[in-house]
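All remarks here apply to the structure that follows.
The values are calculated or read from the model by the stated rules, or taken from the named source; none is laboratory data. Given the structure is predicted, the values throughout are model-derived calculations rather than measurements. Using ideal geometry, Cβ is built from the backbone for each residue, glycine included, and neighbour counts are taken over all protein chains shown. Side chains included, ligands, DNA and RNA excluded: accessible areas come from the protein's heavy atoms. Shrake-Rupley method; radii C 1.70, N 1.55, O 1.52, S 1.80 Å.
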Amino acid sequence: TTMTVIGTLQPGLASVPEIAESFGLLADKAASHGLRCILEFIPVWGIKDLRMAWQILQIADRPNTALAFDFWHYIRGGRDDDLLRSIPGDRIAYVQVTDAEAAPPPGRSLSDDCLFHRLQPGEGALPIKEMLDILRDIGAIERIGPEVFSAKLDALPAEAIAQELREPYWRALA
């Protein structure tokens with residue numbers, strides 16, 4: 001029923017109105033198939049932060065659109081809790097809980113940090129409780145789950161990954 005849309009374009013390649021126009025056209029096509037378009041911002045690509053993603057959603061102005069909210073993307077893209085509080089919760093389709101170091105160490109790229117160094121909830125320094133509190137306050141915890149990319153988890157079979165994530169994830173949500 002949903003499709004996630006990411007802007008893998010080079011940062012600065014297109015303006016927010018241009019991206020919004022393309023996103024709107026994609027949302028129209030998706031709507032003709034009964035699908036919602038969920039826009040996910042990713043700091044290493046062309047839709048770099050929550051502010052930009054929210055602007056795109058507002059300009060596109062399609063009823064079948066919403067945002068994905070990933071903790072890592074939000075913190076690394078530039079945390080803006082006032083903006084987050086201003087977004088209606090029903091405009092956030094799902095939440096991806098992860099943890100990480102407060103900042104990547106010198107020499108680690110943002111891409112490597114994103115793909116190989118996320119941590120299980122509670123193992124890092126991201127303000128998970130604060131973000132969950134804001135998301136709860138605005139009514140954005142409809143669909144929520146962990147999203148942890150790590151070399152450690154990549155080496156495990158699916159059942160072991162689920163076992164590793166279960167307790168830290170539920171502890172974070174408590």
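Close Cβ contacts (under 9 Å, 6 or more residues apart or on different chains) running from residues in segment 41-60 that are of a type in the set (Lys, Arg) to residues that are surrounded by fewer than 21 Cβ atoms within 10 Å (Cβ to Cβ) comprise LYS48/PRO11; LYS48/GLY78; ARG51/GLY78; ARG51/ASP80; ARG51/LEU83.
Would you check which residues across segment 118-160 are more than 23 Å from LEU84 (Cβ to Cβ), open to solvent by less than 50 Å² (accessible area, probe 1.4 Å) and of a type in the set (A, V, I, L, M) and list them? If the condition is that a residue be more than 23 Å from LEU84 (Cβ to Cβ), open to solvent by less than 50 Å² (accessible area, probe 1.4 Å) and of a type in the set (A, V, I, L, M), then LEU153, ALA160 are the ones that fit.
Within segment 52-75, does at least one residue satisfy the condition of being touching a Gly at 6+ places or on another chain (Cβ under 6 Å) and within 20 Å of PRO11 (Cα to Cα)? Within segment 52-75 (the criterion being touching a Gly at 6+ places or on another chain (Cβ under 6 Å) and within 20 Å of PRO11 (Cα to Cα)), the answer is yes, since at least one residue qualifies.
Residue check: is SER15 more than 26 Å from ASP81 (Cα to Cα), open to solvent by 30 Å² or more (accessible area, probe 1.4 Å) and either out of contact with any strand residue (DSSP E or B) (no Cβ under 7 Å at 6 or more places or on another chain) or modelled with pLDDT under 95 (or both)?
No: the conditions fail for SER15.
The requirement of being more than 21 Å from ALA162 (Cβ to Cβ) and polar (S, T, N, Q) is fulfilled somewhere in segment 59-69, by at least one residue. Can you run down the residue pairs with Cβ atoms below 6 Å, 6 or more apart or on separate chains, where the first is in segment 142-155 and closer than 15 Å to VAL95 by Cα and the partner is part of a loop (DSSP other than H, G, I, E, B)? Hits for this filter: GLU147/THR98; VAL148/THR98; VAL148/ARG118; VAL148/GLN120.
Considering only segment 60-80, I want to know if a residue exists there that is on the phi < 0 side of the Ramachandran plot, among the acidic types (Asp, Glu), open to solvent by 30 Å² or more (accessible area, probe 1.4 Å) and in a helix (DSSP H, G or I). No, segment 60-80 has no match at all. Which condition breaks for ALA27 when tested against (1) touching a Lys or Arg at 6+ places or on another chain (Cβ under 6 Å); (2) open to solvent by less than 10 Å² (accessible area, probe 1.4 Å); (3) under 21 Å from VAL148 (Cβ atoms); (4) at pLDDT 95 or above? That leaves (3) as the condition not met. Restricting attention to segment 1-51, the residues that are in a loop (DSSP other than H, G, I, E, B) and either small (Gly, Ala, Ser) or in contact with an Asp or Glu (Cβ under 7 Å, 6 or more places away or on another chain) (or both) total 9. Can you say whether LEU115 is within 25 Å of TRP170 (Cα to Cα), within 14 Å of the chain's Cα centre (by Cα), open to solvent by less than 40 Å² (accessible area, probe 1.4 Å) and without any contact (Cβ under 8 Å) to a residue 40 or more places away in the chain, as far as the supplied structure shows? Considered against the rule, which asks whether it is within 25 Å of TRP170 (Cα to Cα), within 14 Å of the chain's Cα centre (by Cα), open to solvent by less than 40 Å² (accessible area, probe 1.4 Å) and without any contact (Cβ under 8 Å) to a residue 40 or more places away in the chain, LEU115 comes out as no.
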